[in-house]
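The values are calculated or read from the model by the stated rules, or taken from the named source; none is laboratory data. All values reported here derive from a predicted model rather than from experimental measurement. Glycine also receives a Cβ, built like all others from the backbone with ideal geometry; neighbour counts cover every protein chain displayed.
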């Protein structure tokens, strides 16, 4: 088995998720190539955004709340 396709949840990944890895998930097994590529692109954009926010907060010394106490959120 290819070691690159090991654990998709690993924090030690050194490569992007592949279409084959995406299709291993039941929800995405019937996605077209275009849908898989769009999903991968969205994941990459989201992770870059989160990384940017965390990096800026870390440099400024501000803490990032990882939970919301006694508040309810509504989906748009």
**Prompt:** Of the numbered conditions (1) in contact with a helix residue (DSSP H, G or I) (Cβ under 6 Å, 6 or more places away or on another chain); (2) modelled with pLDDT of 95 or more, residue 64 satisfies every one except a single condition; which is it?
**Reply:** (2)
**Prompt:** For the stretch 4-15, how many residues meet the condition of being surrounded by 11 or more Cβ atoms within 10 Å (Cβ to Cβ) and either part of a loop (DSSP other than H, G, I, E, B) or modelled with pLDDT of 70 or more (or both)?
**Reply:** 3
